[in-house]
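The structure appears below as structure tokens.
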Amino acid sequence: MAAKLSPATPVLHRRSELSRVVPGSCLVKETSAAVIARPPWWQVAVVMGLGCALAASVFATWLSQRSLAGVFVSAATWERMAPWLSGNASAKPGDVLPVEYHRVLAAVLVVALSAWCGGALVLARSGHHAWSSAVRWWGVRGWTWWCVLGAWEWLWVAAVTSRLTTVADLLVGGIPLWFAACLAGWLTTFLHVYQDEKLAAAEAPSQAAILPRRLMLLALAYTAVFVTLNWRLWFNLYIPHGDSAMYEEHLWNLLHGKGFRSYLDQGLFLGEHVQVVHLGLLPLYVLWPSHLLLELCESVAIAAGVFPVAWMTCRQTGSPRAALAAAAAYVLYFPTQFLDIEIDLKTFRPEAFGIPLLLFTLDQLDRGSWKGFLAGVLACLTVKEDYSLVFLPLGIWVAATARYAPRRLHSTGTSRAWLRLGVCLAIGSVLYLWLATRVVMPWFRAGEEIHYARYFSRLGETPEAIVRTVLTQPDIVAGELLTTTTALYALALLVPVGGVSLFSPGRLAVGLPLFGVLCLNELARSPQHHFHAPLVPIVFWAAAGGLPQVPRVWTWLRRRPADAPRLARLAAHGLWSSALSSGVLFSLSPLGLAFWDPGSNWNAWKLYGPTGRGVEFAKVAAKIPRSARVASTDFVHPRFTHHERSYDYSGYARRVSGYERRVPDDTDFIVIDCTHPYSQYRRPEDVPEYHQTDRWELVPDDTNGYYIVLKRRR
């Protein structure tokens, strides 16, 4: 804790005047004083010593167990670290490794001293702090977060000894989020004072003028990184056809008279989802018929979300800096990034287009433009039928807040008009969901039940049975929702935004029905796939509304006036630094540790460097004419979608094969990728069609064993 300020206490401060808030603009008037006290040296020594000791202890605990160490490093890298961690050159770890505490402590001390001296030097050289003040302040405030990090071990021990199994499981599962929160707090502590002193003197008009330029640079940087990664995965044959490249096949088949379908589907695609948003790419696809175009457009669309995020935040806070912080948090937010590259390397999903569409829709709502809002709603419904689960509670929210809408939204519409709009939106969403799931999709499936009803098999086999269970057996639903997995899912969405969204509970509650459905989904309960896509805009819409509430809540808790501008800047720093910190452990991009870990499955060189599979495939492609009908394994399947027919060669029973595990009768070639991640075949003798029948001949292999190609005998 900093010493209590008094007239005799030496302080360094700087005051800055910024222009006054104008409704709907980004200009703000504030008077701030960044005050730094000089804690005594003994306090610095105690806090830093305790912080380093506790941090070393908790890292020793985490690194001593394979399951816990996997949060930070891959199993292969952990095994390579074992000799140094244990002090035994011949150590071969099992599930537990005896870690020597003093070794971890030495590494922690090196990092601590470097960060302490470096941070104090940066503060001192900024010209606003004396060295003695900076070094003491940074040591006390910064290393308090190291003490919080080490407190995890004490809480875990207390939970285990008290037999609080749920709490212990939550602490273990939440290790990466605990670490990310402490790292974000540490960074925010430093950045708060540094930027207050370094940047607060800048005039708001200049900040507002350069905001669009900075947002454009942010969007371009995101697009450049993820387009590069996605394209490299394509060239290296790491993109699966199912649920990724099949969307490009939809466009190709539609243009060539084969219908809106992929031969992976059990018929026309509208039997799977009411999802047509990617058809909007057809004008561009005519000019460049390639899957690479889809990857480019998806990354550009996600990056475009920085603009509505910044506009909404700027409108709520009146601060261009807070708007830029929210936009940076949006592109650093790992649930956003997993919609560009999923954990299973599926790189294209039409759901990704719903993020900017919903953000622009919410921005129009905040502006009070009901016409733009309704246009956005209609656009979002082309993305997927799931978006009706967002518009139902959003309609209720609009109706519930209609009384304050003209003042809050600066709208010319009356409260009664907004009430009608909210009610109609809620009712229309229910009708649309029923029409999509009970009329349109079953009709295109020839009366078969929709495919994702099986995702909720514990509740029933049909949507009606599932709804009936939810309404009549709340104990079963509660048993599914009140779990450690659900709590970790919620934390994974909120911790990377510093919990700021919680300060706007009304807005955040709009996402609760969809979140509840996702928690009942047995297929994936983490924001590393694509199901959470509609929640991302809701989280940032709530964050925009929550930022200006932080000073008010703080004032209410402390029961005394607070320095509102400073607290608002602190919340903005916490917003983007939380997204940055959580990405260190979760992101598959260059932001994450996994990208650089040589033993990780997501290592940069393994996924994005040159591979023999990509090079040797050119020899296979030259042997198969475009007029052929080809059955191929998953990762090579996308390269044949422009042929006459492209069938899936796998263990799944497909409609085109009569629901039998065989290739269709009209297949001309079978292409098997022997080295893809899930390959079951290594030699021609392993392929059933080759050794069980005489209908196929082996095409001579010149790919060094990477591919097996069979040709039907005529």
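The values are calculated or read from the model by the stated rules, or taken from the named source; none is laboratory data. No experiment lies behind these values; they were computed from the predicted model shown. Ideal geometry is used to build each Cβ from the backbone, glycine not excepted, and the neighbour counts take in all protein chains shown. Each accessible area value is taken on the protein alone, full model and side chains, heavy atoms only, with ligands, DNA and RNA left out. Shrake-Rupley method; radii C 1.70, N 1.55, O 1.52, S 1.80 Å.
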*Ellipsoid equivalent to region 339-395 - semi-axes via the Cα gyration tensor, in Å*: 24, 11, 9
_Under the rule that an exposed site lies in a DSSP loop and has at most 14 other Cβ atoms within 10 Å, name the longest stretch of the chain with no chymotrypsin sites (Phe, Trp or Tyr not before Pro) of that kind, not counting the sites themselves._
1-651
*If you line up the Cα atoms of region 41-194 on their principal axes, what length do they span on each, largest first, in Å?*
52, 38, 26
*Which one of Tyr706, Gly185, Trp554 is farthest out on the positive end of the charge dipole of the chain, using unit charges on Cβ (Lys, Arg +1; Asp, Glu -1) and the Cα centre as origin?*
Trp554
*Could you give the length gained on full extension between Asp702 and Lys606, defined as 0.36 nm per residue of separation minus the Cα-Cα distance, in nm?*
32.2 nm
*asked:* Tell me which trypsin sites (Lys or Arg not before Pro) from region 414-514 have a DSSP coil assignment and no more than 14 other beta carbons within 10 Å of their own.
replied: Arg458
*Once label points are set 7 Å from the Cα along Cα→Cβ at both Arg695 and Gln65, what is their separation, rounded to one decimal in nm?*
5.4 nm
*asked:* Tell me the carbon and sulfur percent of the accessible area for region 264-324, rounded to whole percent, probe radius 1.4 Å.
replied: 76 percent
_I want the local charge near Glu616. Using Cβ-Cβ distances under 13 Å, sum +1 for each Lys or Arg and -1 for each Asp or Glu among the other residues._
+1
*Set the Förster distance to 51 Å, then compute FRET efficiency between Gln680 and Ala115 from the Cβ-Cβ distance, nearest 0.05.*
0.55
*Per residue, what accessible area does the chain have, given a 1.4 Å probe and all protein chains present, in Å²?*
44 Å²
*Determine, at each q value in 0.09, 0.15, 0.16, 0.20 (inverse angstroms), the log₁₀ of I(q)/I(0) that the Debye formula gives when each Cα of region 467-585 is one equal point scatterer.*
-0.31, -0.75, -0.82, -1.09
*Scattering from the C-alpha atoms of the chain alone, worked out with Debye: what is log10 I(q)/I(0) at q = 0.07, 0.09, 0.11 1/Å?*
-0.57, -0.93, -1.30
_Just to confirm the filter: which trypsin sites (Lys or Arg not before Pro) across region 575-650 are DSSP coil and have at most 11 other Cβ within 10 angstrom of their Cβ?_
Arg626
*asked:* For the ranges 159-169, 299-309, what's the packing order if you count other beta-carbon atoms within 10 Å of each residue, average per peptide, and put the highest first?
replied: 299-309, 159-169
_Rounded, prolate or oblate for region 65-104? Axes are the square roots of the Cα gyration tensor eigenvalues, ordered a ≥ b ≥ c, and the cut-off for rounded is a/c under 1.5._
prolate
*Please sort through the DSSP H helices of the chain and keep those with an alpha-carbon extent of at least 27 Å along the long axis and a Kyte-Doolittle average not below -1.0.*
41-63, 101-125, 143-161, 175-199, 204-235, 415-435, 564-586
*Would you work out if region 317-363 is rounded, prolate or oblate? Take a ≥ b ≥ c from the square roots of the eigenvalues of the alpha-carbon gyration tensor; rounded if a/c is under 1.5, else prolate when a/b is larger than b/c, oblate otherwise.*
oblate
*With N denoting the number of residues in region 332-453, provide Rg(C-alpha) divided by 2.2 N^0.38 Å, to two decimal places.*
1.23
*State the number of lysine pairs found in the chain whose Cα atoms come within less than 24 Å, restricting to pairs 8 or more positions apart or on distinct chains.*
8
*Please report, in Å, the Rg and the Dmax of region 612-712, where both are computed over Cα atoms only.*
12.4, 35
*Between Ala221 and Ala465, what FRET efficiency follows from the Cβ-Cβ distance if R0 is 60 Å, with the result rounded to 0.05?*
0.80
*Bin width 10 Å, alpha-carbon pairs only: give the P(r) of region 245-328 as whole percents, running from 0 to the bin holding the largest distance.*
17, 34, 21, 18, 10, 1
*asked:* Let's see if you can work this out: charge +1 on each Lys and Arg Cβ, -1 on each Asp and Glu Cβ, no other charges. What is the dipole magnitude of the chain about its Cα centre, in debye to the nearest 20?
replied: 2440 debye
*For region 262-387, treating each Cα as an identical point scatterer without solvent, what Debye log10 I(q)/I(0) comes out at q = 0.09, 0.13, 0.20 1/Å?*
-0.30, -0.61, -1.23
*Work out the charge dipole of the chain with +1 on the Cβ of Lys and Arg and -1 on the Cβ of Asp and Glu about the Cα centre, then indicate which of Ser64, Ser369, Leu237 is farthest towards its positive end.*
Ser369
*Considering only DSSP beta bridges whose two residues both sit in the chain, what percent are antiparallel, to the nearest 5?*
65 percent
*Set the Förster radius R0 to 35 Å, insert the Cβ-Cβ distance between Ser162 and Arg416 as r into 1/(1 + (r/R0)^6), and round the FRET efficiency to 0.05.*
0.05
*Give me the net charge of Met441's neighbourhood, meaning all other residues with Cβ under 10 Å from the Cβ of Met441; Lys, Arg count +1, Asp, Glu -1.*
-2
*Hey, got the dipole for region 612-712? About the Cα centre, +1 on K and R Cβ, -1 on D and E Cβ, debye to the nearest 20?*
240 debye
*Place +1 on the Cβ of every Lys and Arg and -1 on the Cβ of every Asp and Glu in the chain, take the dipole about the Cα centre, and give the residue among Leu570, Tyr387, His273 whose Cα lies farthest towards its positive end.*
Leu570
*Cβ-defined net charge surrounding Val73, 14 Å radius [Lys, Arg +1; Asp, Glu -1]*: 0
*Using the Cα gyration tensor of region 562-625, with a ≥ b ≥ c the square roots of its eigenvalues, what is the shape: rounded (a/c below 1.5), prolate (a/b larger than b/c) or oblate (neither)?*
prolate
_Test of the criteria: in region 214-322, which trypsin sites (Lys or Arg not before Pro) are in a DSSP loop and have at most 15 other Cβ atoms within 10 angstrom of their Cβ?_
Lys258
